[in-house]
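Undergrad: The structure's right below; bear with me while I get my questions together.
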Number of protein chains: 2
Amino acid sequence: MKLEDLAGRCGEWLRGSGPESDIVISSRIRLARNLADFPFIRQCDDKDRGAIERTLCDAVHDEKRLADVTYVDVNDLPSVDRQFLVERQLISRELADAHGPRGVAINEGEKFSLMINEEDHLRIQVMNSGLDLKSTWEDINRIDDLIEEHVTYAFHDDLGYLTACPTNVGTGMRVSVMLHLPALVITRQIEKVFRSLQKINLAVRGLYGEGSQAMGDFYQISNQITLGRSEDELITQVAEVIPAMIDYERKAREFLIKESQTDLHDKISRDYGTLCSAQKISSEETMMLLSSVRMGVNLGLIKDIEIPVINQLFIHTQPAHLQKLRGTELDTANRNKERALYLQQHLKRETDGEAEHN
Amino acid sequence: MKLEDLAGRCGEWLRGSGPESDIVISSRIRLARNLADFPFIRQCDDKDRGAIERTLCDAVHDEKRLADVTYVDVNDLPSVDRQFLVERQLISRELADAHGPRGVAINEGEKFSLMINEEDHLRIQVMNSGLDLKSTWEDINRIDDLIEEHVTYAFHDDLGYLTACPTNVGTGMRVSVMLHLPALVITRQIEKVFRSLQKINLAVRGLYGEGSQAMGDFYQISNQITLGRSEDELITQVAEVIPAMIDYERKAREFLIKESQTDLHDKISRDYGTLCSAQKISSEETMMLLSSVRMGVNLGLIKDIEIPVINQLFIHTQPAHLQKLRGTELDTANRNKERALYLQQHLKRETDGEAEHN
């Protein structure tokens, strides 16, 4: 598998299927693991890091039940390719920006990835489309067990899994659900909702994790605490609030439809028109307009486009993706033109001739 | 001919043909005439006005060379129909708003109209597409002569034609050329240009004559003075400045293309997208966006629409036209929806699938 092959494709988690997928984009779990035989990354020199990389690569390679996995040597990659993997949510910005031997093993459908030498020796991540923490947990638990058959994890009987950062000690688990909440943003309820989530120790982040802005009205809700709780408890804690979030968003959408259907339809339709017509467009504006159109499709106000296409456009219109798809480096001005062209090509309006009196 | 028949059609002057029709919409001349046997309108009671109307209608009816003319009794018309005739430029707002016997004779192609009992007993108007004052003058001169074979005009050997308002005495002639000047507006040169026109006694008005705002970047340039000059001199005075105006506008367009082609193309294309996508839209916004798109078509930046279609949309999206086309009265909110629907139906993007790398 080459990165170029990934570019035109779409990860499993963008399929727009799975429960509640009008609002829940994806369910993700990651586990932080370290090898007992090596110091934590911050204490490692490049020789250690190389040895860790080899040990983990061998483990993955030797494990026949992980046969569809490709290893990408991130240390070898040009900056645009590292950015590309970040945009696809296959690696973290931290791994992209780090130095020395490091990489990521990615499975064919991009359902899981194994980051080597990020903050911890190993970070396992599984992502599924829609709200499906149960299978996500089953998947990641299986992968974790498979790898553990080949290596010895740093584990303490009282503390649990040991990790580089104390906030991850215990389960090493972060459970996140990515939600699309445009109506809560429009009705200005989002801040209030987030304040109440923080009170129960849940974190809210943007599309690209810690410190990233909530572009495109995407919000990741995840656990803050990993210590002193079982995996099931952590999953339950996150899983429990999601139905309420979905309900808030649905109610906000119903309110908008009831109070101002014409205004809403007009705004969304104009946003769609702009996406189809712009000759240059920034990433930020694209995310904002796609978010509006995504809600429009879910509300039945926009009929001629499918949710997976929009989900994919959120990722494919990011800077590194545009450059991979075009096969050349592009500066900001040219990316803005290329992005507009890409949107035009993928948002053909097929029902244009069907406007009718009703 | 019924008004309903006119609604879906397009007047000759909107054909978008004729010299310089990328910038010059139409050439118009009107003559103010009064019957020698009656007092001026302001001194008339309804009986007098009725007699004037009959005299002039008979003159038109008896003149076999004006066979394709239909008389519309404006006094009988509901408000929306009077507004409809104003929007089509067939009658003035003054005639629409006046009281008592009055009307307009319109020829089949809407090339000329004869208003009866406006400010003067008779106002003859001829409009041609593009810059063509010569044929416009020949046409109106012929019509004026034909009518004069049947009636006696109020004429004074020293002063010329006598008119209700002293500003029209002499030739009773107003020569106007309607220009589309979006680039002079964008580059903020329009005020300067107009100040110099005023210095040489030319008036600048919007699409709907005196007091109307310059909606859609349309400007009518016309003579202020009619007394002490011959018809030829008045025509020449207006005709002489038009090539300079055209030249200024062309230079401003070239400047915009040279300095900021991408920005301009992006703006115009987004404006087109909005026109095709809005679910409700005001008349003002429509005019503004159509103006942008009209320039885009002339500059080759928008390829899938013809100038006559745009010219027509400027008129057909006006409030009374929408109501005539829809066949029912509509309040502002419903007109805004109907206008959006009408625009969608008439602005089908046929090249949507053709976006290509270049």
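Undergrad: Identify, by number, the condition in (1) buried (at least 22 other Cβ atoms within 10 Å of the Cβ); (2) over 29 Å from B:Leu6 (Cα atoms) that B:Glu240 doesn't meet.
TA: (1)
Undergrad: Within the set of pairs 6 or more residues apart or between chains, which connect a residue that is under 12 Å from B:Ile281 (Cβ atoms) inside region B:316-338 to a residue that is among the β-branched types (Val, Ile, Thr) and part of a helix (DSSP H, G or I) with Cβ atoms less than 8 Å apart?
TA: Pairs that qualify, where the first residue is under 12 Å from B:Ile281 (Cβ atoms) and the partner is among the β-branched types (Val, Ile, Thr) and part of a helix (DSSP H, G or I), are B:Thr317/B:Thr286; B:Ala333/A:Thr262; B:Lys337/A:Thr262.
Undergrad: Within the bounds of region A:153-167, is there any residue that is in a helix (DSSP H, G or I) and either over 17 Å from A:Leu114 (Cα atoms) or open to solvent by 60 Å² or more (accessible area, probe 1.4 Å) (or both)?
TA: Within region A:153-167, the first condition is being in a helix (DSSP H, G or I), and the residues that meet it are A:166-167.
Remaining after also requiring either over 17 Å from A:Leu114 (Cα atoms) or open to solvent by 60 Å² or more (accessible area, probe 1.4 Å) (or both): A:166-167.
Looking through region A:153-167, at least one residue is in a helix (DSSP H, G or I) and either over 17 Å from A:Leu114 (Cα atoms) or open to solvent by 60 Å² or more (accessible area, probe 1.4 Å) (or both).
Undergrad: Would you mind telling me which numbered condition in (1) of a type outside the set (Val, Ile, Thr); (2) over 30 Å from A:Ile246 (Cα atoms); (3) assigned to a loop (DSSP other than H, G, I, E, B) A:His61 fails?
TA: (3)
Undergrad: Can we say B:Ser291 is in contact (Cβ under 8 Å) with a residue 40 or more places away in the chain, within 24 Å of B:Arg9 (Cβ to Cβ), open to solvent by 10 Å² or more (accessible area, probe 1.4 Å) and of a type in the set (Ser, Thr, Tyr)?
TA: So B:Ser291 does not fit the description; no.
Undergrad: Would you please name the residue that is modelled with the lowest pLDDT, looking only at residues in region A:58-68 that are under 22 Å from A:Lys111 (Cβ atoms) and open to solvent by 30 Å² or more (accessible area, probe 1.4 Å)?
TA: Ranking the candidates gives A:Ala67 first.
Undergrad: State which residue is modelled with the highest pLDDT when the search covers only region B:345-358 and only residues that are part of a loop (DSSP other than H, G, I, E, B) and either open to solvent by less than 20 Å² (accessible area, probe 1.4 Å) or polar (S, T, N, Q) (or both).
TA: Among residues in region B:345-358 that are part of a loop (DSSP other than H, G, I, E, B) and either open to solvent by less than 20 Å² (accessible area, probe 1.4 Å) or polar (S, T, N, Q) (or both), the one modelled with the highest pLDDT is B:Leu347.
Undergrad: Go over the candidates B:Leu85, B:Leu90 one by one and state the one that is within 23 Å of the chain's Cα centre (by Cα) and not in a loop (DSSP other than H, G, I, E, B). Reasoning before the result, please.
TA: Working: B:Leu90 fails: not in a loop (DSSP other than H, G, I, E, B).
B:Leu85 is the lone residue from the list that is within 23 Å of the chain's Cα centre (by Cα) and not in a loop (DSSP other than H, G, I, E, B).
Undergrad: Counting only residues that are assigned to a loop (DSSP other than H, G, I, E, B), within 25 Å of B:Gln323 (Cα to Cα) and out of contact with any Asp or Glu (no Cβ under 8 Å at 6 or more places or on another chain), which one in region B:10-46 is modelled with the lowest pLDDT? Can you show your working first?
TA: We begin by selecting, within region B:10-46, every residue assigned to a loop (DSSP other than H, G, I, E, B); these are B:10-11, B:15-23, B:34, B:36-40, B:44-45.
Subset that is within 25 Å of B:Gln323 (Cα to Cα): B:10-11, B:15-16.
Pick out the ones that are also out of contact with any Asp or Glu (no Cβ under 8 Å at 6 or more places or on another chain) and you get B:10, B:15.
Values: B:Cys10: 75, B:Arg15: 81.
Here the residue is B:Cys10.
Undergrad: Could you check A:Leu275 against (1) more than 30 Å from A:Arg82 (Cβ to Cβ); (2) within 12 Å of another protein chain (Cβ to nearest Cβ); (3) assigned to a helix (DSSP H, G or I) and say which number it fails?
TA: For A:Leu275, the exception is condition (1).
Undergrad: Let me ask something else about it. Just give me the residues in region A:69-96 being closer than 19 Å to A:Arg42 by Cβ and open to solvent by less than 70 Å² (accessible area, probe 1.4 Å), in sequence order. I'd like the intermediate steps shown before the answer.
TA: Keep residues of region A:69-96 that are closer than 19 Å to A:Arg42 by Cβ, which gives A:74-75, A:91-96.
Residues satisfying the conditions are A:Val74, A:Ile91, A:Ser92, A:Leu95, A:Ala96.
Undergrad: Given the condition more than 20 Å from the chain's Cα centre (by Cα), open to solvent by 30 Å² or more (accessible area, probe 1.4 Å), small (Gly, Ala, Ser) and at pLDDT 90 or above, answer yes or no: does some residue in region B:170-185 qualify?
TA: no
Undergrad: Working carefully through the options A:Ser291, A:Ser282, find the one that is away from chain B (no Cβ under 13 Å) and among the polar types (S, T, N, Q). Spell out how you get there, then give the answer.
TA: Values: A:Ser282 fails: away from chain B (no Cβ under 13 Å).
Testing whether each residue is away from chain B (no Cβ under 13 Å) and among the polar types (S, T, N, Q) leaves just A:Ser291.
Undergrad: Being at negative phi and in contact with a strand residue (DSSP E or B) (Cβ under 7 Å, 6 or more places away or on another chain) narrows it down to one residue among B:Tyr219, B:Tyr272; which is it? Steps first, please.
TA: Details: B:Tyr272 fails: in contact with a strand residue (DSSP E or B) (Cβ under 7 Å, 6 or more places away or on another chain).
Criteria check complete, one pass: B:Tyr219.
Undergrad: Here is a check on your reading of the model: is B:Asp97 farther than 30 Å from B:Glu20 by Cα and not hydrophobic (A, V, I, L, M, F, W, C)?
TA: Judged against the criteria, B:Asp97 is a match.
Undergrad: Within region A:298-314, does at least one residue satisfy the condition of being part of a loop (DSSP other than H, G, I, E, B) and away from every other protein chain (no Cβ under 14 Å)?
TA: Yes, region A:298-314 has at least one match.
Undergrad: Give the residues of region A:269-288 that are open to solvent by less than 20 Å² (accessible area, probe 1.4 Å) and of a type in the set (A, V, I, L, M, F, W, C), sorted by residue number.
TA: Within region A:269-288, A:Leu275, A:Cys276, A:Ala278, A:Ile281, A:Met287 meet the criteria.
Undergrad: When the residues of region A:320-344 are filtered to those that are within 10 Å of chain B (Cβ to nearest Cβ) and among the hydrophobic types (A, V, I, L, M, F, W, C), which remaining residue is most open to solvent (accessible area, probe 1.4 Å)?
TA: A:Ala333
Undergrad: In region A:97-146, what count of residues is obtained for those that are without any contact (Cβ under 8 Å) to a residue 60 or more places away in the chain, over 14 Å from the mean Cα position of the chain (by Cα) and either outside any helix (DSSP H, G or I) or surrounded by 22 or more Cβ atoms within 10 Å (Cβ to Cβ) (or both)?
TA: Final tally of qualifying residues: 11.
Let's see how each residue does on (1) outside any helix (DSSP H, G or I); (2) within 14 Å of another protein chain (Cβ to nearest Cβ); (3) surrounded by 14 or more Cβ atoms within 10 Å (Cβ to Cβ):
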| position | (1), (2), (3) |
| --- | --- |
| A:Gln220 | yes, no, yes |
| A:Leu227 | yes, no, yes |
| A:Leu234 | no, no, yes |
| A:Ala244 | no, no, no |
| A:Arg250 | no, no, yes |
| A:Ile257 | no, yes, yes |
| A:Thr262 | no, yes, no |
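Undergrad: Next question. Test each condition in (1) modelled with pLDDT under 95; (2) assigned to a helix (DSSP H, G or I); (3) within 12 Å of another protein chain (Cβ to nearest Cβ) for A:Asp266 and report the one that comes out false.
TA: (1)
The values are calculated or read from the model by the stated rules, or taken from the named source; none is laboratory data. Values in this document were obtained by computation on a predicted structure and should not be read as measured data. So basically every Cβ, Gly included, is an ideal-geometry build from the backbone, and we count neighbours across all protein chains shown. The protein model used for the area step is the full one, side chains on, heavy atoms only, and it has no ligands, DNA or RNA in it. Shrake-Rupley method; radii C 1.70, N 1.55, O 1.52, S 1.80 Å.
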